[in-house]
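Participant: Structure incoming, see below.
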Amino acid sequence: MKKISTAIFGIGLFIVLAAMLSNGCTASAAVAEKSGSQLWGENCLRCHNSPSPGSFSDAQWEVVGMHMESRANLTSDETAKIVEFLKSAN
């Protein structure tokens, strides 16, 4: 019985890891196709009213980006594109 449980656990773990990896690749491809302004609209505006891009300096947007990457579960690629878009207004 223990061997069966271990085998089922192993198979389940493999399926979960495979799903995570395949979704990660899909998400990366989707992010690569989107602009910083699209990502900003899709991610930032879903939770709060975001200040206009010209509201902060480039250095301040870098700090905001680092903070929101962890708070909003953004990838580093998404954060970089969003911050670049926001900095382009300065």
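Participant: Say we look at the stretch 45-83 and pick out the residues that are surrounded by 12 or more Cβ atoms within 10 Å (Cβ to Cβ) and of a type in the set (Ser, Thr, Tyr); which of these is nearest to Ala29 (Cα to Cα)?
Facilitator: Only one residue tops the list, namely Thr75.
Participant: Is there any pair linking a residue in the stretch 69-90 that is closer than 18 Å to Ser52 by Cα to one that is aromatic (Phe, Trp, Tyr) and not in a loop (DSSP other than H, G, I, E, B), with Cβ under 6 Å and at least six apart or on different chains, and which?
Facilitator: Taking only residues 6 or more apart or on different chains, the pairs are Ile82/Trp40; Val83/Trp61; Phe85/Trp40; Leu86/Trp61; Lys87/Trp61.
Participant: May I ask you to list pairs of residues, at least six apart or on different chains, whose Cβ atoms are under 6 Å apart, with the first in the stretch 52-65 being in contact (Cβ under 8 Å) with a residue 12 or more places away in the chain and assigned by TED's automatic domain parsing to the domain that holds Thr79 and the second being part of a helix (DSSP H, G or I) and surrounded by 13 or more Cβ atoms within 10 Å (Cβ to Cβ)?
Facilitator: Pro53/Leu86; Asp58/Lys87; Trp61/Val83; Trp61/Leu86; Trp61/Lys87; Gly65/Thr79; Gly65/Val83
The values are calculated or read from the model by the stated rules, or taken from the named source; none is laboratory data. Nothing here was measured: the structure is a model prediction, and the numbers come from that model. Neighbour counts run over all protein chains shown; Cβ positions are idealised from the backbone, glycine included.
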